[in-house]
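Asker: Below is one structure. I have some questions about it.
The values are calculated or read from the model by the stated rules, or taken from the named source; none is laboratory data. As the structure is a prediction and not an experimental result, all values here were calculated from the model. As a convention, Cβ positions derive from the backbone with ideal geometry for all residues, glycine included, and neighbour counts pool all protein chains shown. For the accessible areas, the whole protein counts, side chains as well, though only heavy atoms, and no ligand, DNA or RNA atoms are used. Shrake-Rupley method; radii C 1.70, N 1.55, O 1.52, S 1.80 Å.
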Amino acid sequence: MDDHADHFGESVAANYDTSSAAMFAPEAVEPAVDVLARLAGDRRALELGIGTGRIALPLAGRGVGVHGIDLSEAMVARLRAKPGAERIGVTMGDFATTRAPGRYGLVYLVFNTIMNLTSQDAQVDCFRNAAAHLEPGGFFVIEVGVPDLRRLPPGQNAVPFRTDPGSWAVDVYDVATQHMSSNYLEVAEGRGTYRSIPFRYVWPAELDLMARIAGLRPHARWADWSGAPFTAESTSHVSVWRRPEE
């Protein structure tokens, strides 16, 4: 994605479903699938960053035709090994620019995937790519967190988000460039492993401008998949834009 290496290779893919187990729980998956199935209706859906199929598989199980784009061969291999994956097509490549066959009534990115594109240009390209895939009247949906900068006191650039025995994770921010990284350190049997994944955080208003550049119009914004109002205290949002009818 963007111009950097695949950070979701074999070492991450091998444990992705278990390390993100809370996001695979029915209470996390079903509300998202409910919304996406409603927006898709009887039209096909395209997932950008389809990964191991956390959302695509249950969405296809609802009768929605699903296709995906992803850069990681290792993640997609896990998807293809799961029951029901034969119904889902995947195009390999950078989801900011790679074209999948056909047009869709719904294009979506979930679980902060827009931040895997680590430059503003790539994020703008992603909106343009989504718009190019949409049928008239189709929807583009993004689920992403609100940057957690209110937790940064003066002079500090790091926010821990996991402090389990033997496992620590810290987000490091550069507020001048909107670049950040999630950094993981694990110690097991006397041996330590470390990995760092880069991101670019993005504000809701900035996403709205990217949508406008791509010719999309605001449709809805919620704090979560339940449709709760988005407020100044919200830690995430689900935003929906629509391609105008021609």
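Asker: In the stretch 137-185, what count of residues is obtained for those that are of a type in the set (Phe, Trp, Tyr) and either more than 20 Å from the chain's Cα centre (by Cα) or closer than 30 Å to Gly41 by Cα (or both)?
Answerer: Taking the stretch 137-185 as the starting set, the residues that turn out to be of a type in the set (Phe, Trp, Tyr) are 139-140, 161, 168, 173, 184.
Applying the additional criterion that residues be either more than 20 Å from the chain's Cα centre (by Cα) or closer than 30 Å to Gly41 by Cα (or both) yields 139-140, 168.
Count: 3.
Asker: Okay, moving on. Among the residues of the stretch 77-87, is there at least one that is touching a strand residue (DSSP E or B) at 6+ places or on another chain (Cβ under 6 Å) and farther than 20 Å from Pro136 by Cα?
Answerer: no
Asker: How about the stretch 188-246: which of its residues are β-branched (Val, Ile, Thr) and either assigned to a strand (DSSP E or B) or open to solvent by 30 Å² or more (accessible area, probe 1.4 Å) (or both)?
Answerer: Thr193, Ile197, Ile213, Thr231, Thr235, Val238, Val240
Asker: I'm trying to understand the selection: among the residues of the stretch 143-156, which are more than 13 Å from Tyr201 (Cβ to Cβ) and touching a helix residue (DSSP H, G or I) at 6+ places or on another chain (Cβ under 8 Å)?
Answerer: Correct list: Glu143 only.
Asker: Moving on to the next point. Working only within the stretch 170-183, note down all residues that are assigned to a strand (DSSP E or B) and either closer than 30 Å to Ala220 by Cα or at pLDDT below 95 (or both).
Answerer: Asp171, Tyr173, Asp174, His179, Met180, Ser181, Ser182
Asker: If you take the residues in the stretch 154-175 that are closer than 24 Å to Glu189 by Cβ and among the polar types (S, T, N, Q), which one is surrounded by the most Cβ atoms within 10 Å (Cβ to Cβ)?
Answerer: Ser167
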